[in-house]
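S.K.: Sending over a structure as structure tokens; questions will come in a sec.
Derivation of every value follows stated rules applied to the coordinates shown; laboratory data play no part. Computed from a predicted model, the values in this text were never measured in an experiment. Glycine gets a Cβ as well: all are built from the backbone with ideal geometry, and neighbour counts include every protein chain shown.
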Amino acid sequence: MAITWAFALMVSLGLRIWGIYHPQEFVIRPLLVFLLLFGPSLLLGIWLFFLGFGQSRPD
């Protein structure tokens, strides 16, 4: 969970620094919105799918 918060903080600070150096309007690209909105949940879903089902084998 700490990695998730650290990644979110890095993205936030990166966008803040980008805004300081580029004060003009930020053109929002649909791919960027898609990746920021659905990227973390897709990565977590893939991680749970591959690691979660691999460890739940009955012995």
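S.K.: For the chain, what does the alpha-carbon gyration tensor say about shape, rounded, prolate or oblate, given a ≥ b ≥ c as the root eigenvalues, a/c under 1.5 as rounded, and a/b over b/c as prolate? The partial results should precede the final answer.
M.R.: Working: a/c = 7.35, a/b = 2.49, b/c = 2.95.
Judged from the Cα gyration tensor, the chain comes out oblate (a/c at least 1.5, b/c at or above a/b).
S.K.: Taking only Cα atoms, what is the 0 to 90° angle, nearest 10, from helix 2-21's long axis to the longest principal axis of the chain?
M.R.: 20
S.K.: So if each residue of separation counts as 0.36 nm, and I subtract the Cα-Cα distance between Phe7 and Phe38, what length gain in nm does that give? Display every interim value, and only then the final one.
M.R.: On the way: separation 31, 0.36 × 31 = 11.16 nm, distance 1.47 nm.
Working it through step by step, the gained length comes to 9.7 nm.
S.K.: Go ahead and estimate [θ] at 222 nm for the chain from helices alone: -39,500 (n - 2.57) per DSSP H run with n ≥ 4, summed, over the residue count, rounded to 500.
M.R.: Working: 2 runs with 38 residues, N = 59.
Result for the chain, helices only: -22000 deg cm²/dmol.
S.K.: By average Cβ neighbour count within 10 Å, what is the ranking of 4-11, 27-34 from highest down?
M.R.: Ranking, from highest mean packing down: 4-11, 27-34.
S.K.: Once both labels are modelled 7 Å past Cα along the beta-carbon direction, what's the Glu25-Phe50 spacing in nm?
M.R.: In this crude spin-label approximation the distance works out to 4.1 nm.
S.K.: Against the longest principal axis of the chain, how steep is helix 30-47, in degrees 0 to 90 to the nearest 10, with axes from Cα atoms?
M.R.: 20
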